[in-house]
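Please treat every number below as a calculation from the coordinates, not as lab data. Here the structure is a predicted model, which means the values were calculated and not measured. Here the Cβ is made from the backbone with ideal geometry for all residues, glycine too, and neighbour counts use every protein chain on show.
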Amino acid sequence: MNFSLAIINKIRSCIKTENLTFIFSIAVIFVLDRYSKIEILDNFNEEIFYINDFININLVWNTGIGFGLLNSTSNFFYSIVSIFIALIILILFYVAFKGDKYEKIIFSIIIGGALGNVYDRIFLNAVPDFIDLHYKNFHWFTFNVADIFITLGIIAFLMKDFFIKKQ
């Protein structure tokens, strides 16, 4: 009886409005990322599409981590990195559920983007990156919408720690 009550209380605590907002935010970011990637995969090939002097669409397949770092042709390394990323996402979910409403917002931004890239790693065996920022001959790492959200979430997390005092 006591165990049943503990489970019911745990379920009630998870159904708070801020937790539902957290889950909804993750879903919206995931859908935005999937939509952008589906549009790129359906409408572009691996040729460069010129937009302006600073941005191109250039589809590249990333088997590494964010921004193409640690790219490898080794299936073993790819699998280890994928498992590591999935574990980090699970930890972020746990930390977010325990955190305050600001942390939930920040972690939902990171998790939403990370889930988009993990989805690609599982179902496409690589992450399609396509946003090519550049200035003349200097090109930043090619990235995607999920990478934007992950980066914004990390920046928000750092800013929160630096600028918001704990009560």
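Some points to look at:
- For region 98-110, Karplus couplings with θ = phi - 60° (6.51, -1.76, 1.60), whole Hz, Gly/Pro x: 7, x, 7, 5, 5, 5, 4, 5, 4, 5, 5, 5, 5
- Across region 81-86, computed HN-Hα scalar couplings (Karplus, 6.51 cos²θ - 1.76 cosθ + 1.60, θ = phi - 60°) run 4, 4, 5, 4, 5, 4 Hz from first to last residue, x flagging Gly and Pro.
- Packing-based order for 77-83, 132-138, 57-63, 105-111, using average beta carbon neighbours within 10 Å, highest first: 105-111, 57-63, 77-83, 132-138
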